[in-house]
Amino acid sequence: MDVKIEESWKEQLKDEFEKDYFIRLTDFVRNEYRTKQIFPPAKLIFNAFDHTPFNKVKVVILGQDPYHNDGQAHGLSFSVPDSIPAPPSLVNIFKEINRDMGIPIPRSGNLTRWANQGVLLLNATLTVQAHMAGSHQRKGWEEFTDAAIHKLAEGRQNLVFILWGSYAQKKAAFIDTSRHLVLRSVHPSPLSAHNGFFGNNHFSETNKYLISKSIEPIEW
């Protein structure tokens, strides 16, 4: 099956593309795009992989679902295109960066600049039906993105995995903490951010770790 994804990831994940679950997933997703309004635009489904090749990954920030309102999702977790107002969780991420590192809150919620520096902004589910949160969960995407995390955890060293909320934290089970840094806290959602997201220092901790491994830090 020909999947249009960045070449290094295509090589890493080639076995997944032949598996029954992925063939079923592909049929499902194609039919959904044909018959319904689905986000992100089809050409941006693998945007996170396309901006952050396998060997360039330094940090993984795991989200759950793409945004499901018009114009928000563009294939990078927590990110929105330039012209779209930052959603509440992203506003809180920027507030924590400002508190943690003194970096001014940006006008744009577009995190492509992070992705281009090696931050893999990966949602567990890569598509969603418009205005229906979670509508493409348990269709096979989670198996695919878990495979990507496995490949990174096993094939790379000295990565930072940032896991916000209970869903993301389940992924820590297969990350070797002697090889990587795993940072956990509650989710930046307004429902939970005051219970431990604010003050988690994940952005400065990430850079401290990268510098300690002689890796260029992220310009948040």
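The values are calculated or read from the model by the stated rules, or taken from the named source; none is laboratory data. Source: prediction; values computed, not measured. So basically every Cβ, Gly included, is an ideal-geometry build from the backbone, and we count neighbours across all protein chains shown. What goes into the accessible areas is simple: the full protein's heavy atoms, side chains included, and nothing from ligands, DNA or RNA. Shrake-Rupley method; radii C 1.70, N 1.55, O 1.52, S 1.80 Å.
Close amide H partners of Leu120, meaning residues 5 or more places away or on another chain with modelled amide H under 5 Å apart, are Lys58, Val59, Val60, Ile61. For the stretch 31-37, backbone phi angles converted through the Karplus equation (6.51, -1.76, 1.60; θ = phi - 60°) give residue-by-residue couplings of 5, 4, 5, 6, 10, 9, 8 Hz, Gly and Pro being listed as x.
Please say if the chain is rounded, prolate or oblate, where rounded means a/c under 1.5 for a ≥ b ≥ c the square roots of the C-alpha gyration tensor eigenvalues, and otherwise the choice is prolate for a/b larger than b/c and oblate otherwise? Please list the in-between numbers first.
Numbers: a/c = 1.73, a/b = 1.24, b/c = 1.40.
In terms of gyration-tensor shape, oblate.
Think of the stretch 96-195 as a dipole: +1 on every Lys or Arg Cβ, -1 on every Asp or Glu Cβ, centred on the Cα centre; then among Gln169, Gly102, Ala193, Gly102 lies furthest on the positive end. Along its first, second and third principal axes, ordered by size, the stretch 83-145 spans 41, 26, 21 Å in Cα coordinates.
Phi angles of the stretch 113-118 translate, via the Karplus equation with coefficients 6.51, -1.76, 1.60 and θ = phi - 60°, into HN-Hα couplings of 5, 5, 4, 6, 8, x Hz per residue; Gly and Pro are given as x. Counting only protein heavy atoms and a 1.4 Å probe, the stretch 4-89 has 49 square angstrom of accessible area per residue. One Cα centroid belongs to the stretch 81-127, the other to the stretch 1-57; the line between them spans 23 Å.
Which whole-number percentage describes the relative contact order of the chain, with Cα contacts under 8 Å and a sequence gap of 6 or more? The normalised contact order for the chain reaches 23 percent.
How big is the dipole moment of the chain about its Cα centre under a simple scheme where the beta carbon of each Lys and Arg is +1, that of each Asp and Glu is -1, and everything else is neutral? Debye, nearest 20, please. The partial results should precede the final answer.
Numbers: 25 positive and 24 negative charges, 60 e Å.
Charge dipole of the chain: 280 debye, to the nearest 20.
Mean residue ellipticity at 222 nm, helices only, the chain: -10000 deg cm²/dmol; runs of at least 4 DSSP H residues each add -39,500 (n - 2.57), and the sum is divided by the number of residues. Ranked by solvent-accessible area (1.4 Å probe, protein heavy atoms only, all chains present), the residues Ser192, Ser83 order from largest to smallest as Ser83, Ser192. Restricting attention to the chain, close to 10% of DSSP beta bridges with both partner residues there are antiparallel. Heavy atoms only, probe 1.4 Å: what % of the accessible area of the chain goes to carbon and sulfur, would you let me know? Taking all protein chains in place, the chain shows 50 percent carbon and sulfur surface.
Per-residue Karplus couplings for the stretch 208-213, computed as 6.51 cos²θ - 1.76 cosθ + 1.60 with θ equal to phi - 60°, are listed in order as 4, 5, 4, 4, 5, 9 Hz, Gly and Pro entered as x. Only protein heavy atoms count here; under a 1.4 Å probe, Ser178 has an accessible surface of about 100 Å². Looking at the square roots a ≥ b ≥ c of the eigenvalues of the Cα gyration tensor of the stretch 100-220, which shape do they give, rounded for a/c under 1.5, prolate if a/b is larger than b/c, or oblate? Since a/c reaches 1.5 but b/c is at least a/b, the shape of the stretch 100-220 is classed as oblate.
Of Asp146, Asp50, which has the most accessible area and how do the rest follow, probe 1.4 Å?
Details: Asp146 35, Asp50 65 Å².
Solvent-accessible surface, decreasing: Asp50, Asp146.
Ranking Ile149, Ile5, Ser212 by how far each Cα lies toward the positive end of the dipole of the chain (charges on Cβ) leaves Ser212 at the top. Taking label points 7 Å from Cα along the Cα-to-Cβ direction, Thr35 and Asp176 give a separation of 4.5 nm. Backbone amide hydrogens, once placed in the peptide plane, bring Val182 within less than 5 Å of Phe161, excluding anything fewer than 5 places away on its chain. Residues whose amide H comes within less than 5 Å of that of Ser135, counting only those at least five positions distant or on another chain, are Gln129 (H built at 1.01 Å from N in the peptide plane). Remark: relative contact order (the stretch 30-117) = 27 percent; criterion is Cα-Cα distance under 8 angstrom and separation of 6 or more residues.
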